[in-house]
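Worksheet: one structure, shown below.
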Amino acid sequence: MAAAPDIVYVVKPGDRNEELRYSLRSLAHLPHGRVWIAGHCPSWVRGVGRIPVPPRATKYQSSTANLRAAAEHPEVAEEFLYFNDDFFIMRPLDHMPVLHRGPVARVEAYYASRGRGRYLRGLRETRVLLAQLGHHRPLSYELHVPMPMRKAQVLETLDTGAHLEVLHKRTLYGMMHQLGGREISDPKILTRGPAFPRSVPFLSTLPDSFAHGQVGAHIRARFPEPGPYETGRL
């Protein structure tokens, strides 16, 4: 049986990060190897590999730099799961599937209707790059769920899109390396109210919906006890 993949978190500066705390607790639901934190590792985290990366000018550049640093690190496993600090695994899984969001054209229309400036520009520039690479009807992999990756392919992807200010790296990676996968709706919950699914395997939040919303209360109630990445008892 193949070894379980490592997990790589890309993490913003700041020791106060309750989303990361509960995301780490939720890893009990997913087989995995070593956990790595690229970027800033809060002082309360225990038992993980630390890959310090200075913050860049924008959050997009920082996340890309953090991912590159992990892919270049000799001790990170070749196969890993790419996590943000606000991803939560809400029920037990035996492995992480490949998931996508559907056609880029549909996702682009959604963000265009909301007037998302820099992010939308990055989406369009990534779509143009994919067309130049021969992918004329690409899928979007910009979901708030973990994504299986391989280090060598990550570096190839980031080199290919290095000229883009806001590279949609998940989408470029998924299309360049023909991941395929299954379509789902993005599980990011943006609001404080009760209108979110309780039975899905994945949830993600905004800082406000986690701290003050019913989804945040639901996640905290699901994982009330400190986990090994807080206690150090691995």
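List of remarks:
- Residues of the stretch 137-160 classified as surrounded by fewer than 23 Cβ atoms within 10 Å (Cβ to Cβ), of a type outside the set (A, V, I, L, M) and either farther than 19 Å from residue 110 by Cα or at pLDDT below 95 (or both), total: 7
- Residue 45 vs. criteria touching a strand residue (DSSP E or B) at 6+ places or on another chain (Cβ under 9 Å) and closer than 19 Å to residue 142 by Cα: no
- Candidates are the residues of the stretch 161-217 that are among the polar types (S, T, N, Q) and closer than 16 Å to residue 86 by Cα; the one that is surrounded by the fewest Cβ atoms within 10 Å (Cβ to Cβ) is 191.
- Tally of residues being among the basic types (Lys, Arg) and under 15 Å from residue 68 (Cβ atoms) across the stretch 154-204: 2
- Top-ranked residue in the stretch 161-189 [being among the charged types (D, E, K, R) and more than 14 Å from the chain's Cα centre (by Cα); ranked as farthest from residue 104 (Cα to Cα)]: 165
- Number of the condition not met by residue 65 [criteria: (1) in contact with a helix residue (DSSP H, G or I) (Cβ under 9 Å, 6 or more places away or on another chain); (2) farther than 29 Å from residue 215 by Cα; (3) not basic (Lys, Arg)]: (1)
- One residue alone among 116, 192 is at pLDDT below 95, of a type in the set (Lys, Arg) and over 19 Å from the mean Cα position of the chain (by Cα), and that residue is 116.
- Listed by position, the helices (runs of 4 or more DSSP H) enclosed by the stretch 8-126 that each have at least 3 residues that are crowded, with 21+ Cβ neighbours inside 10 Å, in contact (Cβ under 8 Å) with a residue 12 or more places away in the chain and of a type outside the set (Asp, Glu) are 18-26, 59-72.
The values are calculated or read from the model by the stated rules, or taken from the named source; none is laboratory data. Since the structure is predicted, the reported quantities are computational estimates derived from the model, not experimental observations. Virtual Cβ from ideal backbone geometry, glycine too; neighbours counted across all protein chains shown.
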